[in-house]
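Contents: one structure, followed by commentary.
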Amino acid sequence: MASPKVALAAMAVIVAVAALLPATASTASYTVGDDSGWDVGVDYRAWASGRKFRVGDTLEFLYSLGEAEHNVVLVDAQSFAACTVPSNAPTLTTDDDKVSLTQAGQWLFICGIEGHCQDGMKLAVNVH
């Protein structure tokens with residue numbers, strides 16, 4: 001049987017090694033709008049308010065490319081408020097767009113199709 005000093009030394013080594021291991025933060029993937037997806041008529045403010053977004057999480061924008069064409073545009077605060085698409089704004093158009101939230105702060109998205117943002121297709125998320 002090991003002496004108490006040896007047992008304590010072994011426990012100290014285990015604790016020290018565990019402290020050196022990288023922390024694994026769990027990330028989440030969110031389908032924007034849940035079952036409704038990215039579409040006109042969804043309250044995205046309410047959808048986002050019940051969630052805590054973290055760096056490393058992913059937003060998935062699902063939408064139709066048919067008659068009710070949509071897209072996803074990452075915009076600044078001024079463009080978000082005015083529902084305008086800057087000429088250099090990153091625009092996603094695949095109908096299954098995944099956005100990795102790579103940094104903390106506010107992320108702002110709109111649909112750049114005329115009238116859709118004004119009809120509520122805009123999402124603001126705060127990433128912690």
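The values are calculated or read from the model by the stated rules, or taken from the named source; none is laboratory data. Keep in mind the model is a prediction, meaning the values are calculated, not measured. Here the Cβ is made from the backbone with ideal geometry for all residues, glycine too, and neighbour counts use every protein chain on show. Each accessible area value is taken on the protein alone, full model and side chains, heavy atoms only, with ligands, DNA and RNA left out. Shrake-Rupley method; radii C 1.70, N 1.55, O 1.52, S 1.80 Å.
Which residues, taken from region 67-83, are open to solvent by 70 Å² or more (accessible area, probe 1.4 Å) and either closer than 15 Å to residue 38 by Cβ or among the charged types (D, E, K, R) (or both)?
Within region 67-83, the subset open to solvent by 70 Å² or more (accessible area, probe 1.4 Å) is 67, 69, 76, 78, 81.
The answer is 67, 69, 76.
How many of the residues making up region 110-128 are among the hydrophobic types (A, V, I, L, M, F, W, C) and not in a loop (DSSP other than H, G, I, E, B)?
Within region 110-128, the subset among the hydrophobic types (A, V, I, L, M, F, W, C) is 110-111, 113, 117, 121, 123-125, 127.
Adding the requirement that they be not in a loop (DSSP other than H, G, I, E, B) leaves 110, 123-125, 127.
Count: 5.
Exactly one condition in (1) open to solvent by 40 Å² or more (accessible area, probe 1.4 Å); (2) without any contact (Cβ under 8 Å) to a residue 40 or more places away in the chain; (3) out of contact with any helix residue (DSSP H, G or I) (no Cβ under 9 Å at 6 or more places or on another chain); (4) assigned to a loop (DSSP other than H, G, I, E, B) is false for residue 40; which is it?
That leaves (2) as the condition not met.
Each row is one residue, and each column tells you yes or no for (1) open to solvent by 20 Å² or more (accessible area, probe 1.4 Å); (2) among the hydroxyl-bearing types (Ser, Thr, Tyr); (3) touching a residue at least 12 places away in the same chain (Cβ under 8 Å).
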{"residue": "85", "(1), (2), (3)": "yes, no, yes"}
{"residue": "93", "(1), (2), (3)": "yes, yes, yes"}
{"residue": "98", "(1), (2), (3)": "yes, no, yes"}
{"residue": "104", "(1), (2), (3)": "yes, no, yes"}
{"residue": "119", "(1), (2), (3)": "yes, no, yes"}
{"residue": "123", "(1), (2), (3)": "no, no, yes"}
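What about residue 107, is it assigned to a helix (DSSP H, G or I), within 13 Å of the chain's Cα centre (by Cα), at pLDDT 95 or above and of a type outside the set (D, E, K, R)?
Criteria not met by residue 107.
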